[in-house]
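The structure under discussion appears below in the form of C-alpha cells.
The values are calculated or read from the model by the stated rules, or taken from the named source; none is laboratory data. Predicted model, so just to flag it, every value in this text is computed and none were measured. We place every Cβ from the backbone using ideal geometry, glycine too, and count neighbours over all the protein chains shown. Remember, those area values only see protein heavy atoms, side chains included, never the ligands or the DNA or RNA. Shrake-Rupley method; radii C 1.70, N 1.55, O 1.52, S 1.80 Å.
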Amino acid sequence: QVQLVESGGGLVQPGGSLRLSCAASTNIFLNVAWYRRAPEKQRDLVAWITLYGVPSYSDSVKGRFTISRDNAKNTVYLQMNNLRPEDTATYYCNIYPPSRNSWGQGTQVTVSS
C-alpha cells in the first residue's frame, strides 16, 4: 500500500496561483496523477505524469496547470496558475490508474473573490 499526503492548498483569489505537493511514503516508479472533487460532483482526473516526467492534462486546465515530479524526493507537484472559481475542489493524488488503497485526505483549494 502506497501512502500519499497532499499539501499546499488554500484560499486564493481568481487569477492567483498555488503549488500543490504530493508526498509518497515510498518510491513510486509509476505514473502519478492529480484528481479533484468539487462539491456535489464526482472525482475528476486533472493531470498525470509518467515515470520519466511526460505530462498530460485535462482540457479544463491545459495552459494553466503544470504537473511535475521529483523522483528523488518521492514527490509530485501541481503548479496551478490563473485559478478560477470552478477550480475550487479537494485535490488528491494517486497512481494512475488509481489504487483504492492509496487515496489520501486531499488538500482543499478554494478560489473566491
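Looking only at residues in region 42-63 that are buried (at least 16 other Cβ atoms within 10 Å of the Cβ) and not small (Gly, Ala, Ser), the one that is farthest from Ala24 (Cα to Cα) is Val61. Among the residues of this structure, Ala47 does not count as one that is without any contact (Cβ under 8 Å) to a residue 60 or more places away in the chain, in contact with a strand residue (DSSP E or B) (Cβ under 8 Å, 6 or more places away or on another chain) and closer than 17 Å to Ser112 by Cβ.
Any chance you could count how many residues in region 91-112 are farther than 24 Å from Asn27 by Cα and either modelled with pLDDT under 95 or crowded, with 22+ Cβ neighbours inside 10 Å (or both)?
Initial filter on region 91-112 (farther than 24 Å from Asn27 by Cα): 108-112.
Filter once more, so that each one left must be either modelled with pLDDT under 95 or crowded, with 22+ Cβ neighbours inside 10 Å (or both): 109.
Of the residues in region 91-112, 1 are farther than 24 Å from Asn27 by Cα and either modelled with pLDDT under 95 or crowded, with 22+ Cβ neighbours inside 10 Å (or both).
Hey, can you tell me all the residues within region 1-41 that are β-branched (Val, Ile, Thr), open to solvent by 60 Å² or more (accessible area, probe 1.4 Å) and under 16 Å from Gln105 (Cβ atoms)? Correct list: Val5 only. Within region 80-113, the residues that satisfy the criterion of being under 18 Å from Arg64 (Cα atoms) and among the aliphatic types (A, V, I, L, M) are Met80, Leu83, Ala89, Val109, Val111.
Need a quick list: strands (runs of 3 or more DSSP E) entirely within region 7-51 having at least 1 residues that are within 9 Å of the chain's Cα centre (by Cα).
Working: elements: 10-12, 18-24, 32-37, 43-49.
Where strands (runs of 3 or more DSSP E) fall fully within region 7-51 and carry at least 1 residues being within 9 Å of the chain's Cα centre (by Cα), they are 18-24, 32-37, 43-49.
Selection of region 64-90 for residues being more than 15 Å from Gln3 (Cα to Cα) and buried (at least 16 other Cβ atoms within 10 Å of the Cβ) yields Phe65, Thr66, Ile67, Arg69, Tyr77, Leu78, Met80, Leu83, Asp87, Thr88, Ala89, Thr90.
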